[in-house]
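For reference, the structure discussed in these notes is given below.
The values are calculated or read from the model by the stated rules, or taken from the named source; none is laboratory data. Nothing here was measured: the structure is a model prediction, and the numbers come from that model. Cβ sites come from the backbone with ideal geometry, for glycine too, and all protein chains shown count toward neighbours.
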Amino acid sequence: MGLHWVTSFCATAKYVMKMDDDVNVDFYQLHYIIMESRKNSSRTIGPRNKTNSATTQKQQTPAPFLPSKVGTVKDLIRALQEREKLGVDGKLEKSRFILGRKLNRARINRDNKFKWYITAEQHPEPFLPNYVHGPFYMTTIRSIPGLLNQVQNIRFIWIDDPHVTGSLREAAGIDLIDASPLFTMHDRYVKCCSQAMNHHNQVRRQCYSHHNVGLS
């Protein structure tokens, strides 16, 4: 399983991305988002001396900003900034989340002629847990042990996206950050932005502004 491989051979990594080979990702934009999230966030949750009471710390810890949908890159940066505040030592890479194109309560198809059908024995509920679309998503290395710890406890779903980022994630208490508007499934946008990656930043910004897309 890929998660085991990552923990065995990439234990010092900070972030982990799952990406299909037919997906286009703007890594320059993704790097910018991560760096801006770390740069602009207040790393201090509150006084760190051990004499602080739990009540005092609770009052000083901000409530997480988890928008139902991230509409812009600024929204995404803000969401990641709040994740950073809740991470160990106030570090984004030490918080737990999965970021991607979120699918809410997707209805299961029981038709065995359908490629992605799921039997009632495999998953008796009519809906899948909230999960992210599999072609691309990002998480932190700190999130992975929580996912692996739930493997023996959760009923297996043969489709990996809802199993890993849905069932295992929910059981592990890991948040989803929905960046759906920053994804596109239209090839004309992808071609435009792919060409723009090889040109000046101004051209790339014009492309994103025109199509309202940002990551893939």
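All but one of (1) among the aromatic types (Phe, Trp, Tyr); (2) more than 19 Å from Tyr15 (Cα to Cα); (3) touching a helix residue (DSSP H, G or I) at 6+ places or on another chain (Cβ under 9 Å) hold for Phe114; which doesn't?
Result: Phe114 passes all but (3).
Scan the stretch 78-135 residue by residue and report those that are closer than 18 Å to Ala172 by Cβ and among the acidic types (Asp, Glu).
Answer for the stretch 78-135, where residues must be closer than 18 Å to Ala172 by Cβ and among the acidic types (Asp, Glu): just Glu93.
Looking only at the stretch 91-142, how many residues end up being farther than 13 Å from Gly166 by Cα, touching a residue at least 24 places away in the same chain (Cβ under 8 Å) and of a type in the set (A, V, I, L, M, F, W, C)?
So the count comes out to 6.
State which residue is farthest from Ile144 (Cα to Cα) when the search covers only the stretch 10-47 and only residues that are in a loop (DSSP other than H, G, I, E, B), among the charged types (D, E, K, R) and modelled with pLDDT of 80 or more. It would help to see each step written out before you state the result.
Pass one, the stretch 10-47, residues in a loop (DSSP other than H, G, I, E, B): 10-14, 20-26, 41-47.
Remaining after also requiring among the charged types (D, E, K, R): 14, 20-22, 26, 43.
Pick out the ones that are also modelled with pLDDT of 80 or more and you get 14, 20-22.
Numbers: Lys14: 11, Asp20: 19, Asp21: 22, Asp22: 24 Å.
Checked the stretch 10-47; the qualifying residue farthest from Ile144 (Cα to Cα) is Asp22.
Regarding the stretch 115-123, can at least one residue be identified that is of a type in the set (D, E, K, R), loosely packed, with under 15 Cβ neighbours inside 10 Å and touching a Lys or Arg at 6+ places or on another chain (Cβ under 8 Å)? Show your work before the answer.
Start the filter on the stretch 115-123 by keeping residues that are of a type in the set (D, E, K, R), which leaves 115, 121.
Keeping just the survivors that are loosely packed, with under 15 Cβ neighbours inside 10 Å gives 115, 121.
This time we only want the ones that are touching a Lys or Arg at 6+ places or on another chain (Cβ under 8 Å), so: none.
For the stretch 115-123, residues of a type in the set (D, E, K, R), loosely packed, with under 15 Cβ neighbours inside 10 Å and touching a Lys or Arg at 6+ places or on another chain (Cβ under 8 Å): absent.
For the stretch 99-109, how many residues meet the condition of being more than 30 Å from Ile34 (Cβ to Cβ) and either surrounded by 12 or more Cβ atoms within 10 Å (Cβ to Cβ) or modelled with pLDDT under 90 (or both)? Spell out the reasoning first.
Here is the first cut: in the stretch 99-109, the residues more than 30 Å from Ile34 (Cβ to Cβ) are 107-109.
If we keep only those that are either surrounded by 12 or more Cβ atoms within 10 Å (Cβ to Cβ) or modelled with pLDDT under 90 (or both) too, we end up with 108-109.
Number satisfying all stated conditions: 2.
Select from the stretch 15-24 the residues that are closer than 23 Å to Lys91 by Cβ and not aromatic (Phe, Trp, Tyr) and write down the one among them that is surrounded by the fewest Cβ atoms within 10 Å (Cβ to Cβ). Working first, answer last.
The initial filter retains those residues of the stretch 15-24 that are closer than 23 Å to Lys91 by Cβ, namely 15-18.
If we keep only those that are not aromatic (Phe, Trp, Tyr) too, we end up with 16-18.
Numbers: Val16: 19, Met17: 14, Lys18: 21.
Result: Met17.
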